[in-house]
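Engineer: Next up is a structure, given as structure tokens.
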Amino acid sequence: IESYQNSGLRSLAVAFRDFDSVPKDGWNNNKDLETNMTLLAVFGIEDPLRPSVPGAIEDCRKAGIDVRMCTGDALSTAISIGKGCGILRSTDFDKDGNPKEGFAMTGAEFDDRVHLKDDKAPHVVRRVFDPEINDAVDKLAPQFLLDEKGNKKLDMEAFDKLW
């Protein structure tokens, strides 16, 4: 899976499990349903870049626009795609080949870093970035503060620092 992600492919797994009857908790309890499965295949699919994308990114750079990408993909997939289209350049990486701080992150990490949170409201289960494992996980976390239209409120200072 990791080699697929590092090649810019989206990884998919196909598995099955036989049931003799409807489970006692029904079909909506995914945690229990997704155990004791037989893996059939793991494969990667590519969503190729449109040929015009690298040139468009270069045109933006020449115009003084620093292009960024926010993704729901696995971070390694996003890094590979970012390299391929010119969003991430060699200067965006450290000597070990890892993206420098703030140059590549998951959507969950971006949300956690630049949106204001409501620490007084009850926590909700949402996707958050866990720096200990360098990945996004579902856990109880503060709700985001929302504006009158229901959009997440931006912490402009954190956003400006990141970008």
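The values are calculated or read from the model by the stated rules, or taken from the named source; none is laboratory data. Given the structure is predicted, the values throughout are model-derived calculations rather than measurements. Don't worry about glycine lacking a Cβ; one is built from the backbone with ideal geometry, like all the others, and counts go over all protein chains shown. For accessibility, only protein heavy atoms count, side chains too; no ligands or nucleic acids. Shrake-Rupley method; radii C 1.70, N 1.55, O 1.52, S 1.80 Å.
Engineer: Provide the FRET efficiency to the nearest 0.05 for the Ala158-Arg89 pair, computing r from the beta carbons and using R0 = 25 Å.
Structural biologist: Efficiency at R0 = 25 Å is approximately 0.55.
Engineer: Nearest-5 percent of antiparallel DSSP beta bridges in the chain?
Structural biologist: Roughly 95 percent of the beta bridges in the chain run antiparallel, per DSSP.
Engineer: Rolling a 1.4 Å sphere over the protein heavy atoms, what is the accessible area per residue of the chain, to the nearest Å²?
Structural biologist: About 71 Å² of surface per residue is accessible.
Engineer: Between Ala15 and Val125, what length in nm is gained on full extension when 0.36 nm per residue of separation is reduced by their alpha carbon distance?
Structural biologist: So the chain would gain 37.0 nm between Ala15 and Val125.
Engineer: Here's a follow-up. Can you find, among Ser11, His123, Ala104, the residue sitting farthest towards the positive end of the charge dipole of region 1-142, where Lys and Arg contribute +1 and Asp and Glu -1 at Cβ?
Structural biologist: Ranked along the dipole, the leading option is Ala104.
Engineer: Can you give the Rg/Rh ratio of region 1-67, where Rg is from the C-alpha atoms and Rh is the Kirkwood radius?
Structural biologist: Here the Rg-to-Rh quotient is 1.30.
Engineer: Can you compute the helix-only [θ] at 222 nm over the chain? Use -39500 (n - 2.57) per DSSP H run of at least 4 residues, normalise by all residues, nearest 500 deg cm²/dmol.
Structural biologist: Helix contribution divided over all residues of the chain: -7000 deg cm²/dmol.
Engineer: While we're here: If you place +1 on the Cβ of every Lys and Arg, -1 on the Cβ of every Asp and Glu, and leave all else neutral, what size is the dipole of the chain about its Cα centre, to the nearest 20 Debye?
Structural biologist: So the dipole magnitude of the chain works out to roughly 360 debye.
Engineer: Counting alpha carbon pairs within less than 8 Å and at least 6 residues apart, what relative contact order, in whole percent, applies to the chain?
Structural biologist: 18
Engineer: Oh, and also: Give me the angle, in degrees from 0 to 90, between the Cα long axis of helix 53-62 and the longest principal axis of the Cα atoms of the chain, rounded to the nearest 10.
Structural biologist: Around 40 degrees separate the two axes.
Engineer: Also: In nm, to one decimal, how far is the modelled label at Val22 from the one at Asn151, with both set 7 Å along Cα→Cβ?
Structural biologist: Spacing of the two 7 Å Cα→Cβ label points: 4.4 nm.
Engineer: Another question, then. Can you work out the FRET efficiency for the pair Met37 and Val137, with r the C-beta to C-beta distance and R0 = 25 Å, to the nearest 0.05?
Structural biologist: The calculated FRET efficiency here is 0.75.
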